[in-house]
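The values are calculated or read from the model by the stated rules, or taken from the named source; none is laboratory data. Because the structure is predicted, anything quoted here is derived from the model rather than measured. Cβ atoms come from the backbone with ideal geometry, glycine included; neighbour counts cover every protein chain shown. Heads up: the accessible areas ignore ligands, DNA and RNA and are worked out on the full protein's heavy atoms, side chains in. Shrake-Rupley method; radii C 1.70, N 1.55, O 1.52, S 1.80 Å.
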Amino acid sequence: MTPEIFLVLVVLASIGVQLARRHRGRQRLKPVTDGPEDEPYRIFTTEYDWTGKAEDLASLLSTQHPDFEREWTDRAGDGWRAALALAAVRMPHDAVRQALIAETRLRLQPLGGSSVALSLLLDQSGSMKGEPMAATRVALDVAMDALAMPGLTTELLGYSTVGWQGGKPRQRWIEKGRPPRPGRLCALQHVIYKAGADDGWSEDSKRWMMHPDLLRENIDGEALRWAASRLRTSPAKIKALVVVSDGAPVDDATLLANGPRYLERDILRVIGEIENVGDIRLGAVGVGFAVARYYRLSAWSGIDGLTTTLLDHIATVLSRDSPAKS
């Protein structure tokens, strides 16, 4: 056998090995089908979940972030600066802002200083990047000012995941031999931008909301449970929760390992639980997405009309007698 022929055989063998590996990889990544309708919701691990204040996000988005080594993070900060600029451009003129605030407060006058606790829950999935996130940030900014009324406390929360493609939980699952139907296969990221006890929404927190590295996947069901559990600790007579979202719950790692409707089933289950208990008035605003497929009391808006739609829907939710009558 000549050296040339030997070299050709070595190259062909190498290519064959690579193709075999790719084939096995495709087999391993083949999505599974949905389980039975009554399949319980499971969580593979909560070890890497993160819940904290916006001002503490610097530690989460450090070099320890699972996306850092893959260069999927905004290391130079260019994306963050661009996002902040987008929000600044969208800020309404002061006269428009004051008119929106006055109109909202007028609609809320029938509450008559009643004890009210309102939680706004923001979907910070990757599809919110750019104009949707900028428009939402502006809408929330105006809403926080409009809702600064006697007897009304507000909380602003955000949810996403720590990293793309499952991050550290998925890696652990792989190391354990990929047990079937593992349940939620990513790390939750729950951010408190403004707690109910805070006097206002800080400028630092507003800036952190616009960081592009926060925008990953969205596990809506667990976020709803989290927001509702926080809201239930309030002594307020009236409790309301308004979700702002641009899509269905999605985490690729979780859906590939559990079935395409796994997360959707859970959000429907959680919404049903909240509505059945009846202690929280629940509503949602879709950002370019019809959230009516999940929430009985909902509204939809394009980017340009989001501030008006959000304020109107908040007033609508707070004026309802109970979630059961929505």
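What whole-number value in Å² describes the accessible area per residue of the chain for a 1.4 Å probe?
Accessible area per residue, the chain: 48 Å².
Where does helix 94-108 land angle-wise versus the long Cα axis of the chain, in degrees 0 to 90, nearest 10?
Helix 94-108 sits roughly 70 degrees off the main axis of the chain.
Taking every DSSP beta bridge that has both residues in the stretch 107-229, what percent is antiparallel when rounded to the nearest 5?
So the antiparallel bridges amount to about 40 percent of the total.
Expressed as an acute angle from 0 to 90° and rounded to the nearest 10, what is the orientation of the C-alpha long axis of helix 262-277 relative to the principal long axis of the chain?
Its long axis makes an angle of about 20 degrees.
Can you bin the stretch 210-277 into rounded, prolate or oblate? Criterion: square roots of the alpha carbon gyration tensor eigenvalues sorted a ≥ b ≥ c, rounded for a/c under 1.5, prolate for a/b above b/c, oblate for the rest.
Working: a/c = 2.77, a/b = 1.49, b/c = 1.86.
Oblate is the answer for the stretch 210-277, as a/c is 1.5 or above yet b/c matches or exceeds a/b.
Taking +1 at the Cβ of each Lys and Arg and -1 at the Cβ of each Asp and Glu, which of 260, 208, 218 sits farthest along the dipole of the stretch 204-286 towards its positive end, judged by Cα position relative to the Cα centre?
Toward the positive end, the furthest listed residue is 208.
Take the alpha carbon gyration tensor of the stretch 65-116, find the square roots of its eigenvalues, order them as a ≥ b ≥ c, and report rounded if a/c is under 1.5; if not, report prolate when a/b exceeds b/c, else oblate.
Numbers: a/c = 7.55, a/b = 2.19, b/c = 3.45.
It comes out oblate by the Cα gyration axes.
Go through 155-161, 313-319, 107-113 and give me the packing order, highest mean Cβ count within 10 Å leading.
Listed from highest to lowest mean packing, they are 155-161, 313-319, 107-113.
Per 5 Å bin from zero, what fraction in whole % of the C-alpha pairs of the stretch 154-288 is there, up to the bin with the longest pair?
2, 9, 18, 20, 19, 15, 10, 5, 2, 0
Translational D (Stokes-Einstein, µm²/s) of the stretch 29-158 at 4 °C and 1.567 mPa s when Rh comes from the Kirkwood sum over C-alpha pairs?
Numbers: Rh = 18.7 Å.
In µm²/s, the coefficient is 69.
For the stretch 200-247, would you read off the P(r) tail past 14 Å as a percentage of all alpha carbon pairs?
The proportion of pairs with Cα distances above 14 Å equals 67 percent.
Just going by the charge dipole of the chain, with Lys and Arg at +1 and Asp and Glu at -1 on Cβ, which of 150, 45, 182 is farthest out on the positive end?
182
Can you give the charge dipole size of the chain about its Cα centre, rounded to the nearest 20 debye, using +1 on the beta carbon of Lys and Arg and -1 on the beta carbon of Asp and Glu? Write out the running numbers ahead of the final one.
On the way: 41 positive and 41 negative charges, 171 e Å.
With Lys and Arg at +1 and Asp and Glu at -1, about 820 debye.
What ranking do 250-262, 75-87 get when scored by the average of other Cβ atoms within 10 Å per residue, highest first?
Working: 250-262: 21.2, 75-87: 14.8.
In decreasing order of mean packing, 250-262, 75-87 become 250-262, 75-87.
Place a +1 charge on the Cβ of each Lys and Arg in the stretch 39-160 and a -1 charge on the Cβ of each Asp and Glu, then give the dipole magnitude about the Cα centre in debye, rounded to the nearest 20.
Working: 11 positive and 17 negative charges, 91 e Å.
Rounded to the nearest 20 debye, it is 440 debye.
Report, by chain and number, residues whose modeled amide H sits under 5 Å from the one on residue 239, excluding near sequence neighbours (fewer than 5 apart, same chain).
Correct list: 117, 281.
Going by average Cβ neighbours within 10 Å, how do the peptides 49-57, 30-38, 129-137 rank, with the highest at the top?
The packing order, highest mean first, is 129-137, 49-57, 30-38.
Restricting things to alpha carbons, tell me how big the chain is in terms of Rg and Dmax, in Å.
Every Cα atom of the chain included, Rg and Dmax give 22.8, 95 Å.
Over the chain, what percent of the accessible surface lies on carbon and sulfur atoms, probe 1.4 Å?
Details: 8670 of 15570 Å².
Ligands and nucleic acids excluded, carbon and sulfur reach 56 percent.
For a quick check, take a GNM of the chain with Cα springs below 10 Å and name the residue from 102, 236, 248 with the largest mean-square fluctuation.
102
What fraction of the DSSP beta bridges in the chain is antiparallel, stated in percent and rounded to the nearest 5?
DSSP beta bridges in the chain are roughly 20 percent antiparallel.
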